[in-house]
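Some notes on the structure that comes next.
The values are calculated or read from the model by the stated rules, or taken from the named source; none is laboratory data. Because the structure is a prediction, the values reported are computed rather than measured. Positions of Cβ are generated from backbone atoms using ideal geometry, with glycine treated the same way; all protein chains shown enter the neighbour counts.
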Amino acid sequence: MKTLVITGGSRGIGLATAREFAAAGWSVVSVARRACAVAGAHHVAADLSDPGWAERHGEELRAAVAGSDTIALVHNAGLLTRDSVASVTQATLREVLQVNLLACVQLDQLLLPRMGPGSAIVYVGSTLGEKAVAGSCAYVVSKHALVGLARATAQDLAGRRIHSVCVCPGFTDTGMLRDHVGGEPAVLAAIAAGSTFGRLVEPEEIARVILFCATNPSVNGAVIHANLGQIER
Ligand SMILES: NC(=O)c1ccc[n+]([C@@H]2O[C@H](COP(=O)([O-])OP(=O)(O)OC[C@H]3O[C@@H](n4cnc5c(N)ncnc54)[C@H](OP(=O)(O)O)[C@@H]3O)[C@@H](O)[C@H]2O)c1
């Protein structure tokens with residue numbers, strides 16, 4: 001049996017990815033605060049910002065993947081805040097790092113003992129994993145660290161036939177982006193104009209990249225950008 005375990009399967013890229021894998025015959029387990037709308041998906045109702053979530057939900061997660069020899073573990077849940085190096089609080093930095101980075105390691109450690117050859121770990125990074133913009137300090141830091149985690153995962157799992165990839169979306173049309181710009185159509189249009197295709201990425205496009213990466217071990221250790229080509233200024 002093949003099982004997708006995805007964090008943040010309740011909306012945006014995570015929901016699109018859950019749908020993509022389900023259509024390809026995978027069972028779906030989503031870890032998020034809200035449920036995943038894919039029929040038959042197992043919902044683990046966890047708040048990843050709580051460092052104790054893994055202890056509380058470990059047994060449930062292990063039971064949810066029982067009988068699966070192939071697991072695609074997709075670390076997708078993310079938190080984007082507006083802050084800067086001069087203003088970011090310790091509390092914000094800790095929360096963003098907990099959701100975007102530490103929860104990934106917690107989940108890796110929970111499931112790696114259950115992951116057989118052919119399994120994969122996909123970290124959902126960001127364009128901001130390899131470059132920075134002003135005003136998103138905690139997020140930029142967390143996504144840079146995620147690139148390192150993906151590369152370290154590929155090295156540390158050598159010989160186990162489990163591969164690891166970091167997929168870095170560009171501006172994608174989801175609640176995260178819309179919330180971040182306050183739903184301003186003019187701002188969204190300006191962002192879209194910054195892509196060589198003159199539009200935002202659709203969550204389904206990222207979902208297809210994630211499925212490709214999860215099922216192609218040749219990309220082990222790679223950082224794959226999926227941003228429609230951003231216009232450099
Ligand atoms: N959209 C973009 O332009 C863009 C660009 C680059 C990278 N990305 C990355 O792509 C990934 C998905 O982003 P998205 O745009 O689809 O965002 P989204 O629409 O805001 O969805 C975020 C998901 O993360 C989950 N999540 C957030 N905080 C959580 C918490 N404390 N505990 C458990 N789950 C939590 C949410 O589930 P609940 O709220 O139900 O808990 C939700 O399903 C993120 O890692 C993001 O950084 C997005």
Which residues, counting only those in segment 198-216, are more than 14 Å from the ligand (Cβ to nearest atom), farther than 14 Å from residue 70 by Cβ and assigned to a loop (DSSP other than H, G, I, E, B)? 198
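Which of the residues spanning segment 181-197 are surrounded by fewer than 16 Cβ atoms within 10 Å (Cβ to Cβ) and either assigned to a loop (DSSP other than H, G, I, E, B) or among the hydroxyl-bearing types (Ser, Thr, Tyr) (or both)?
181, 182, 183, 184, 196, 197
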Give me the strands (runs of 3 or more DSSP E) completely within segment 1-80, filtered to those with at least 2 residues that are modelled with pLDDT of 95 or more, within 8 Å of the ligand (Cβ to nearest atom) and surrounded by 14 or more Cβ atoms within 10 Å (Cβ to Cβ), ordered by residue number. 27-32
Tally of residues being part of a helix (DSSP H, G or I) and either within 13 Å of residue 75 (Cα to Cα) or out of contact with any His (no Cβ under 8 Å at 6 or more places or on another chain) (or both) across segment 147-174: 9
From (1) on the phi > 0 side of the Ramachandran plot; (2) within 12 Å of the ligand (Cβ to nearest atom), pick out the condition that doesn't hold for residue 182. (2)
Would you mind finding the one in 88, 141, 96, 147 that is among the aliphatic types (A, V, I, L, M), modelled with pLDDT of 95 or more and under 13 Å from the mean Cα position of the chain (by Cα)? 147
Somewhere in segment 81-93, is a residue within 27 Å of residue 162 (Cα to Cα) and assigned to a loop (DSSP other than H, G, I, E, B)? no
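Does residue 134 satisfy the condition of being within 12 Å of the ligand (Cβ to nearest atom) and on the phi < 0 side of the Ramachandran plot?
So residue 134 does not fit the description; no.
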Residues in segment 81-120 that are under 22 Å from residue 207 (Cα atoms) and surrounded by 18 or more Cβ atoms within 10 Å (Cβ to Cβ): how many? 11
Just to be sure I understand the filter: pairs with C-beta atoms under 9 Å, separated by 6 or more residues or on different chains, first member in segment 152-163 and more than 13 Å from residue 117 (Cβ to Cβ), second member among the aromatic types (Phe, Trp, Tyr) and at pLDDT 95 or above. Which pairs pass? 153/123
Total residues in segment 140-175, condition within 28 Å of residue 94 (Cβ to Cβ), within 15 Å of the ligand (Cβ to nearest atom) and surrounded by 15 or more Cβ atoms within 10 Å (Cβ to Cβ): 19
Among the numbered conditions (1) assigned to a helix (DSSP H, G or I); (2) more than 10 Å from the ligand (Cβ to nearest atom), tell me where residue 122 comes up short. (1)
Identify, from the list 19, 33, 62, the residue that is of a type in the set (Lys, Arg) and farther than 23 Å from residue 126 by Cα. 62
